[in-house]
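A.B. asks: Structure provided below as structure tokens; questions to follow.
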There are 2 protein chains.
Amino acid sequence: MNPPGTFHITATDGSARTGVLYTAHGIVNTPIFMPVGTVGSVKAIAPDDLEAISAEIILGNTYHLYLRPGDELIARRGGLHVFNAWEKPILTDSGGFQIFSLSSLRKLHKDGVIFRSHIDGSKHVFTPERVITIQRNLNSDIMMVLDECVAANADYTYTAQSLDLTIHWAKRSRDVYPKGEGDNLLFGIVQGGMFKSLRHSSVSQLIDLDFDGYAIGGLSVGEPKEIMMELLYDTAPLLPKTKPRYLMGVGTPLDILKGIEAGVDMFDCVLPTRNARNGTLYTSQGKLNIKRKEYAEDDLPLDENCSCYTCQTFSRAYLRHLFHSQELLAFRLNSIHNLTYFLNIIFGARKAIHGGYFFNYKQQVEQLYCN
Amino acid sequence: MNPPGTFHITATDGSARTGVLYTAHGIVNTPIFMPVGTVGSVKAIAPDDLEAISAEIILGNTYHLYLRPGDELIARRGGLHVFNAWEKPILTDSGGFQIFSLSSLRKLHKDGVIFRSHIDGSKHVFTPERVITIQRNLNSDIMMVLDECVAANADYTYTAQSLDLTIHWAKRSRDVYPKGEGDNLLFGIVQGGMFKSLRHSSVSQLIDLDFDGYAIGGLSVGEPKEIMMELLYDTAPLLPKTKPRYLMGVGTPLDILKGIEAGVDMFDCVLPTRNARNGTLYTSQGKLNIKRKEYAEDDLPLDENCSCYTCQTFSRAYLRHLFHSQELLAFRLNSIHNLTYFLNIIFGARKAIHGGYFFNYKQQVEQLYCN
């Protein structure tokens, strides 16, 4: 087994590439989609389900796990893998994004960010060093540096200042956790808002810090999709080819394929699980809303081309009934299916890259969602 | 395969007995506990989970399924087994109990009962004939006759009149669905409130109608436990030895064992699944409430003597965290465990009856819950 952080590119097709990333809990084939296990479980889904759908890595939220049950408690259990019985790789975010989206009070200063818990209003401080400690307590395979994710409408001056802070934090993160210090990989995060020049500056400063991988942050935060894509296609090629690239919090099946086209390797998003809980389900024929009356007597599976437990076992009529009755089982069955769909999109992309027909593959999915 | 309704006693120990009941969807070993699939799914639990915990038969609620998605819709799907992907036996109640507990308006008359849906207030009529039609639409393996379940504090006069009505309905049920008419078994229900003489009368009149099995209804409706047990031990021996006996809506592990001691074969109760959703979990050391702080750092499984997925995979600390965070996964994992516990109580009882030590077995469980 190669040491954690080893990343081999196994095939390319244009900028799209397949690879293998080694972590302390085994390999991750890329491109990969990471189901989001916000507070320590992928919502409604157990490890047996994750195994069944061939998930390779899941994401945990540092902000949530720090607040409850607490990173030190998890460390005493033997880390997050032991705690949630998931033996494969785990990536944790830095908590920065949740502080900005969930916390009622937050005060940025050079050392870090003061915030109030969305659970009980208690006051907390995250510093770059602190979030590394927390993520090491969780024993995350891939840790993220603390960053500030600016709003889509932030102006140049604010964004430039924010980027300085984010880079300052990235340096401190690297300083407190130098390369080779442990088996937990550390990824830097590109910020710079909607400004290409700032993003370019962000990339070059991060590369100097020699992280194990690089994430593109601050996209899909409310900006028009064209701008997001322009920034994505502009930023991704600047990142080191030899390191894994991660597009944070993105996105729709088509967004993911565009990310892969741009040369990105890793993706996470709550979309498949959140939509599952809202009754929006992805199929090879496009999205459908299982709430709709038209499915009340539909004996077909959700997706005839899907081999997941849900599609192999139940009809749309039954799934519609479960959802309509808000039965708990609906959330598991819908989530199994949507995650399978997202993973299959990824598995299909890998095949297409190996086969040299990635562009056609992406176009097929494009037709599904752009008509 | 013997014809549906065939019932063989395979061992006895005092009044307790083991047996095999044949249905159109396979055999049910008795004694048996039936997980409750109220609106078409055992809450939070899929058929794969039911298989894994060795469930043999589940219960569906006629009232709920009639209102939503509708028995005719289910019939067009091929019946409830096809609809909910459960190929083993299903018992459905008559809906009577739900009308009395959930419906805002109800008006009893000789022909049946008029009630309003708890979902949308719409008006409906259940007659003895109607509930047979509904249950045949569901293609239930074991159908129950329509009955009135009187409150624990009903006086003799009311209860006697109610029993007359229930017996009248039982006759009409038998008339509209004579023995041999179909593969759906039909069980009569003993009523008579808290009055032994009325229950005796109920039993003898039902026996004249020659049902495929006999249920004891109207217990566990708010009366003191001693009275319930006295009535149970008084009524059960009067029922035909050669037919399956079913104690409706009962109960705790100890209630079930007392029922078995009295000669009852079948049980159903929402207790294991409802308690699972409330965080009350059954173990070989007694009940525990997983919410409690004392489990926050408890690395033991819920029950070291349990082989269910939950106990084999997760710690109390993790289950406490999931429940505390109200993660959807908590409901599935807790339900898998509690149902396993109830089924294991039953499987243990079978062994004990075969081994001739049922009384000791019951006493062990008694000690667990009576200290």
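The values are calculated or read from the model by the stated rules, or taken from the named source; none is laboratory data. Computed from a prediction, not measured in an experiment: that's the story for all the values here. So basically every Cβ, Gly included, is an ideal-geometry build from the backbone, and we count neighbours across all protein chains shown. Areas reflect the complete protein model, heavy atoms only, side chains present, ligands, DNA and RNA absent. Shrake-Rupley method; radii C 1.70, N 1.55, O 1.52, S 1.80 Å.
A.B. asks: Dipole of chain B (Lys/Arg Cβ +1, Asp/Glu Cβ -1, origin at the Cα centre): which of B:Asn139, B:Pro178, B:Ala151 lies farthest to the positive side?
C.D. replies: Highest projection toward the positive end goes to B:Ala151.
A.B. asks: Residues of the range A:55-83 losing 30 Å² or more of accessible surface, assembly versus chain alone, probe 1.4 Å, please list them.
C.D. replies: Buried by 30 Å² or more upon assembly, which counts only protein chains, are A:Arg68, A:Leu73, A:Arg77, A:Phe83.
A.B. asks: I need two numbers for chain B: Rg to one decimal and Dmax as a whole number, Cα atoms only, in Å.
C.D. replies: Cα-based Rg and Dmax for chain B come out at 20.1, 61 Å.
A.B. asks: Could you report the buried accessible area between A and B, both sides summed, computed with a 1.4 Å probe and given in Å² to the nearest 100?
C.D. replies: Buried area (both sides, nearest 100 Å²): 3200 Å².
A.B. asks: Counting Lys and Arg as +1 and Asp and Glu as -1, each charge on the Cβ, what is the dipole of the protein assembly as shown about the Cα centre in debye, to the nearest 20?
C.D. replies: 880
A.B. asks: Name the residue, out of A:Val150, A:Val28, A:Val125, whose mean-square fluctuation peaks in a Gaussian network model built on chain A with Cα pairs under 10 Å.
C.D. replies: Fluctuation is largest for A:Val125.
A.B. asks: With every protein chain left in place, what is the accessible area of A:Asp183 in Å² (1.4 Å probe, nearest 10)?
C.D. replies: 90
A.B. asks: Counting only other chains, what is the mean number of Cβ atoms within 10 angstrom of the Cβ of each residue in peptide B:35-45?
C.D. replies: 4
A.B. asks: Using unit Cβ charges (K, R positive; D, E negative) and no other charged atoms, how large, in debye to the nearest 20, is the dipole of the range B:61-129 about its Cα centre?
C.D. replies: Values: 9 positive and 7 negative charges, 40 e Å.
Computed about the Cα centre, the dipole is about 200 debye.
A.B. asks: To one decimal in nm, how far is B:Gly78 from the same spot in the other copies, if labels go 7 Å from Cα toward Cβ? Please give the shortest first.
C.D. replies: Copy-to-copy label distances for B:Gly78: 4.4 nm.
A.B. asks: If you count, for every residue in B:316-324, the Cβ atoms of partner chains within 10 Å of its Cβ, what is the mean?
C.D. replies: 4
A.B. asks: Let me ask something additional. Quick one: length gained pulling B:Glu304 to B:Ile114 fully straight, 0.36 nm per residue minus the C-alpha distance?
C.D. replies: Separation in residues times 0.36 nm, less the Cα-Cα distance, equals 63.4 nm.
A.B. asks: Using the crude model of +1 on Lys and Arg Cβ and -1 on Asp and Glu Cβ, and no other charge, please compute the dipole size for the range A:1-122 relative to its Cα centre, in debye to 20.
C.D. replies: Magnitude of the dipole: close to 480 debye.
A.B. asks: Compute a Gaussian network model of chain A, connecting alpha carbons closer than 10 Å, and tell me which residue from A:Val264, A:Val190, A:Val221 fluctuates the most.
C.D. replies: Evaluated over chain A, the most mobile residue of the options is A:Val221.
A.B. asks: Could you compute Rg(Cα) / (2.2 N^0.38 Å) for the range B:123-272, with N its residue count? Spell out each step's value before the answer.
C.D. replies: Numbers: Rg = 14.7 Å, N = 150, 2.2 N^0.38 = 14.8 Å.
My calculation over the Cα atoms of the range B:123-272 gives 0.99.
A.B. asks: I'd like the mean, over residues of A:243-256, of how many other protein chain beta carbons sit within 10 Å of each residue's own Cβ.
C.D. replies: Averaged over the peptide's residues, the number is 0.
A.B. asks: Sorted from shortest, what are the nm distances separating the label point of B:Thr12 from equivalent points in the other copies, each placed 7 Å from Cα along Cα to C-beta?
C.D. replies: 8.3
A.B. asks: Quick check for you: with a 1.4 Å probe and neighbouring chains kept, what is the accessible area per residue of chain B, in Å²? Don't jump to the answer; show the numbers that get you there.
C.D. replies: Values: 13580 Å² over 371 residues.
Counting only protein heavy atoms, the per-residue value for chain B is 37 Å².
A.B. asks: Taking all protein chains in place and a 1.4 Å probe, what share, in percent, of the accessible surface of the range A:253-371 do carbon and sulfur account for?
C.D. replies: Its accessible area is 45 percent carbon and sulfur atoms.
A.B. asks: In chain A, which cysteines lack any other cysteine Cβ under 4.7 Å from their own?
C.D. replies: A:Cys149, A:Cys269, A:Cys308, A:Cys370
A.B. asks: Let me ask something else about it. Give the Debye-formula value of log10 I(q)/I(0) at each listed q (0.16, 0.24, 0.25 Å⁻¹), with one equal scatterer per alpha carbon of the range A:276-365, two decimals each.
C.D. replies: Taken in order of the listed q values, log10 I(q)/I(0) reads -0.62, -1.12, -1.19.
A.B. asks: Sticking with this structure for a sec: From the helices alone, meaning DSSP H stretches of at least four residues, give me the mean residue ellipticity at 222 nm for the protein assembly as shown, per-run term -39500 (n - 2.57), in deg cm²/dmol to the nearest 500.
C.D. replies: Counting only the DSSP helices, I get -12500 deg cm²/dmol.
A.B. asks: Further question on the same structure: Quick one: give the max-minus-min coordinate of the C-alpha atoms of the protein assembly as shown along each principal axis, largest first, in Å.
C.D. replies: 90, 57, 45
A.B. asks: Another question, then. Considering protein heavy atoms only and a 1.4 Å probe radius, which residues within the range A:325-343 exhibit an accessible-area decrease of no less than 10 Å² in the full assembly relative to the chain by itself?
C.D. replies: The answer is A:Ser325, A:Glu327, A:Leu328, A:Leu329, A:Phe331, A:Arg332.
A.B. asks: List the pairs from A:Lys287/B:Lys43; B:Lys107/B:Lys243; B:Lys225/B:Lys258; B:Lys107/B:Lys171; B:Lys43/B:Lys110; A:Lys291/B:Lys291 whose alpha-carbon separation is above 23 Å, in the order I gave them.
C.D. replies: From the list (A:Lys287/B:Lys43; B:Lys107/B:Lys243; B:Lys225/B:Lys258; B:Lys107/B:Lys171; B:Lys43/B:Lys110; A:Lys291/B:Lys291), the Cα-Cα distance tops 23 Å for A:Lys287/B:Lys43; B:Lys107/B:Lys243; B:Lys43/B:Lys110; A:Lys291/B:Lys291.
A.B. asks: Something else now. Report in % the part of the accessible area of the range A:94-226 that belongs to carbon and sulfur, leaving out ligands and nucleic acids; probe 1.4 Å.
C.D. replies: 50
A.B. asks: Compute accessible area for the range A:280-312 by itself and then with all protein chains, 1.4 Å probe, and report residues whose area falls by 10 Å² or more.
C.D. replies: Output list: A:Ala296, A:Glu297, A:Asp299, A:Tyr309.
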